[in-house]
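Just so it is clear, none of the values below were taken in a lab; they were calculated from the coordinates. Not measured: the values here are computed from a predicted model. Virtual Cβ from ideal backbone geometry, glycine too; neighbours counted across all protein chains shown.
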Amino acid sequence: MPHISLPEGLPGILGPMAFRPETAKPLNELADILLRGPSTLSPSERELIATYVSARNDCFFCQTVHGAVAAHHLGGNEQLVLDVKRAPAEADVSDKLKALLAIAGKVQRGGKFVDSEDIARARDLGATDLEIHDTVLIAAAFSMYNRYVDGLATWAPEDPERYREQGARLAQQGYATVTEGATAATR
Amino acid sequence: MAHIPIPEGLPGIRGLFAFRPETAKPLCDLAEVLLHTPGILSMADRELIATYVSAQNDCFYCQTSHGAIAAWHLGGNEQLVGEVKRDFANAAISEKLKALLVIAGKVRQGGKSVSAEDVERAQREGASDLEIHDTVLIAAAFCMYNRYVDGLATWTPENSEGYRQRAAYVAENGYLGIPAIAGKA
């Protein structure tokens, strides 16, 4: 049961977002820019970073829903999402993405863990300053979203099919649109 | 030196706001709602929660800048800010704020660390659902801001007078104008 009275039937972050629309708005804008906005990183790469950080933070809802969005962008390749969560260094992703995932993993532990060698390695493999910036901010932002979702003990469905449907919807329509649609009925 | 070339002369998160104005906007909007919009918790209480979490995360820039804003709201009481950072259980603050700081500290460790007992204690001391929600989100948001600032190794001045002057401006005007003035160090 959630720690506070949240609108019923809304999974994960949607409950607190319906409870407090004033904060939901910037939270969704940030997610849309970081994960879906114009970028030289593909949406699947950015969702994999979000999924990896959420898995390291042991946030079931976030890792499952963003894993589903990533898999949707990857043509349904759920295996690759699992591989990235378990051992990114051995997954079938580019060396550049591996270097960015290493930075994201350091940020998840704490900002000061990122060292200049991590950055130099990513740069050697072709990462731009903006890609490094966005990787750090995605990892930092999911260190927030994960704590928000679990810190209020929100409810998360277990049926993987629900996440596949939601993942497709989020990939196609975006975070602000889907959240607005899902929470409007509770107001 | 920062990990990426951010505009010079802008400390901490302000350099990052200038580097990437698109993300600066929702980051400032969120800070404005959580810290500077009239609510049930005083602005001093909310800035103290932000300062405490930033101190626990060892983020010098965030704990110093928000500590200065908290002190401004407290009529310049920097001593109290120091006490909250060091040992809030024995600081001269309300029992309700102590219970909320316990929750904030748990959120910092990880969302799952918050227990039903922590929340019940805060409710017994008079905290509303909205106050508990905002405490959790302030703590979570500073786990983001702190990682953003330190993860890119931003420049952080040590001179406390600069933080005091800046704090007065932010305390009076809020967070929304920060991206626009990011270029004016």
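This ranking places A:Y145, B:Y52, B:Y163 by how few other beta-carbon atoms lie within 10 Å of each, fewest first, which gives B:Y163, A:Y145, B:Y52. Mean per-residue shielding of peptide B:14-23 is 3, counting Cβ atoms of other chains within 10 Å of each Cβ.
Ordering of B:140-147, A:21-28 by packing is B:140-147, A:21-28, highest average first (other Cβ atoms within 10 Å, averaged per residue).
Residues of region A:137-167 with an amide N closer than 18 Å to a point placed 7 Å from the Cα of B:E117 along the Cα-to-Cβ direction: A:153. Only one residue of A:V81, A:G174, A:G110 has its Cα farthest out toward the positive end of the dipole of region A:14-177, where Lys and Arg carry +1 and Asp and Glu -1 on Cβ, and that residue is A:G110.
Compactness of region B:12-171, taken as the C-alpha radius of gyration over 2.2 N^0.38 Å, stands at 0.99. Neighbouring Cβ atoms from other chains, within 10 Å of the Cβ of residues in B:106-114, number 6 on average. Peptide A:58-65 has a mean of 1 when you count, residue by residue, the C-beta atoms of other protein chains within 10 Å of its C-beta.
Can you work out the FRET efficiency for the pair A:R86 and A:E180, with r the C-beta to C-beta distance and R0 = 30 Å, to the nearest 0.05? E between A:R86 and A:E180, to the nearest 0.05, is 0.30.
Sort the protein assembly as shown into rounded, prolate or oblate with this rule: let a ≥ b ≥ c be the square roots of the eigenvalues of the Cα gyration tensor; rounded if a/c is under 1.5, and if a/c is not under 1.5, prolate when a/b is larger than b/c, oblate otherwise.
Here the protein assembly as shown falls in the oblate category.
On a 0 to 90 degree scale, rounded to 10, what angle separates helix B:95-109 from the longest Cα axis of chain B? Helix B:95-109 sits roughly 60 degrees off the main axis of chain B.
When the helix-only estimate is applied to chain A (DSSP H runs of n ≥ 4, each -39,500 (n - 2.57), divided by the residue count), what is the mean residue ellipticity at 222 nm, nearest 500 deg cm²/dmol?
-22000 deg cm²/dmol
Measuring spread by the Cα atoms of region A:14-177 yields a radius of gyration and Dmax of 15.0, 45 Å. The alpha carbon centroids of region A:1-70 and region B:16-30 are separated by 18 Å. Highest mean packing first, where packing is the average number of other Cβ atoms within 10 Å per residue, the peptides B:113-124, A:42-53 line up as A:42-53, B:113-124. Reducing region B:112-184 and region A:110-151 to their Cα centroids gives an inter-centroid distance of 20 Å. Taking 4.7 Å between C-beta atoms as the pairing limit, the protein assembly as shown has these partnerless cysteines: B:C28, B:C143. Against chain A, whose longest principal axis comes from its Cα atoms, helix A:175-184 is set at around 10 degrees. Relative to the longest principal axis of chain B, what angle (0 to 90°, nearest 10) does the C-alpha long axis of helix B:78-87 take? Orientation of helix B:78-87: about 60 degrees from the principal axis.
When you count the other C-beta atoms within 10 angstrom of each residue and take the mean per peptide, A:67-78, B:68-79 line up highest first as A:67-78, B:68-79.
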